[in-house]
1. For the stretch 118-188, just say rounded, prolate or oblate: build the C-alpha gyration tensor, square-root its eigenvalues into a ≥ b ≥ c, call rounded for a/c under 1.5, and beyond that prolate if a/b exceeds b/c, oblate if not.
2. Please list, in chain and number order, the residues 5+ apart from Val56 or on another chain whose amide H is under 5 Å from its amide H, with Hs placed from the backbone.
3. Rounded to whole Å, give me the distance from the Cα center of the stretch 78-111 to that of the stretch 147-220.
4. Among Ala46, Ala169, Ala149, determine the one that fluctuates most according to a GNM of the chain built with springs between C-alpha atoms less than 10 Å apart.
5. Return the long-range amide H neighbours of Leu238 (sequence gap of 5 or more, or a different chain), with a cut-off of under 5 Å between placed amide H atoms.
6. Residue-wise, which Karplus ³J(HN,Hα) couplings in Hz belong to the stretch 88-97, taking 6.51 cos²θ - 1.76 cosθ + 1.60, θ = phi - 60°, and x for glycine or proline?
7. As a test of the formula, what do you get for the chain when each DSSP H run with n ≥ 4 contributes -39,500 (n - 2.57) and the sum is divided by the residue count, at 222 nm and rounded to the nearest 500 deg cm²/dmol?
8. Tilt of helix 16-27 relative to the longest C-alpha principal axis of the chain, in degrees (0 to 90, nearest 10)?
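Since every read-out is calculated from the coordinates, none of them should be taken as a lab result. Note that the structure is a prediction, hence the values are computed from the model and not measured. Cβ placement follows ideal geometry from the backbone for every residue including glycine, while neighbour counts extend to all protein chains displayed.
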Amino acid sequence: MRLKNKVAVVTGASRGIGKAIAECFGKEGASLVLCSRNLDAVEAVAKPLRDQGCTVVAIAADVSVREQAENLITSAQEHFTRIDILVNNAGITRDSLLVRMKDEDWDQVIQTNLTGASYTIRAIARIMMKQRSGSIINISSVVGITGNAGQANYAAAKAGLIGLTKSAAKELARRGIRVNAIAPGFIETDMTSRLAPQDQERITTQIPMAVLGKPEDVAYGVLFLASDESCYVTGQVLQIDGGMVM
Ligand code: NAD
């Protein structure tokens, strides 16, 4: 078990990639604090994990609201006294071309995908600095590297997450805290199921491996960055994209 005796906080854990990360971490022996905005949805992920013997705390928190993001971290610490791993996975899309983009769609995506991660990182850094250890993983996207027409808000947030990752990695390295990002390509989740079939087909032709990824494919990369096997890795962006961007 690669995460035995470790405590991990995973945001946006009610479905998709966050759920796969929670299940993977649970199998590897971690104790978990799982959040999403809807308690019932996150409880539905927590229950089967508890049935398998995993210690799981489910919390309703909207990471785009500073107070709720901070309370999530405080509650996790109160429950377990220490936190070893934070995965900033919660994310949304509000796609449209730049010229038509509404202010609220710009703001909501930046606030959730980028500012939300900064809230949890700033709250957890104080705890991890005292522990002198910790691993933070931010779920970015390949579109944060390449840009994407119709996703300027999302691409800006995901590019911002890479800048946040590298800056935090530089600030926190001497305190024993590692900060890395994952940049998934196109992964089969609710987020991508909204794409029209012709768009899914077009995207698949751009992937050298010619298939969309599965949430578990991302979870295994997160597991590596969360575990002590990556103890000399910080400030990096691991692409999990079937070769889409190289
Ligand atoms: P999803 O829509 O299936 O799940 C997103 C999760 O985040 C849900 O649990 C949702 O409840 C939660 N969430 C959303 N806003 C939240 C908020 N304000 N506070 C707390 N929780 C919130 O999406 P997914 O495909 O599983 O994506 C997970 C992450 O991976 C996102 O950050 C996404 O941008 C990123 N990503 C996904 C893909 C893909 O192809 N699916 C590719 C690259 C990056």
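1. Details: a/c = 2.78, a/b = 2.48, b/c = 1.12.
Because a/c hits 1.5 or more and a/b exceeds b/c, the stretch 118-188 counts as prolate.
2. For Val56, the qualifying residues are Leu32.
3. 13 Å
4. Evaluated over the chain, the most mobile residue of the options is Ala149.
5. Residues meeting the amide H criterion: Ala181, Ile182, Ala183.
6. The phi angles translate into 8, 10, 3, x, 9, 10, 9, 7, 5, 5 Hz.
7. That comes out to -14000 deg cm²/dmol.
8. Value to nearest ten degrees: 30.
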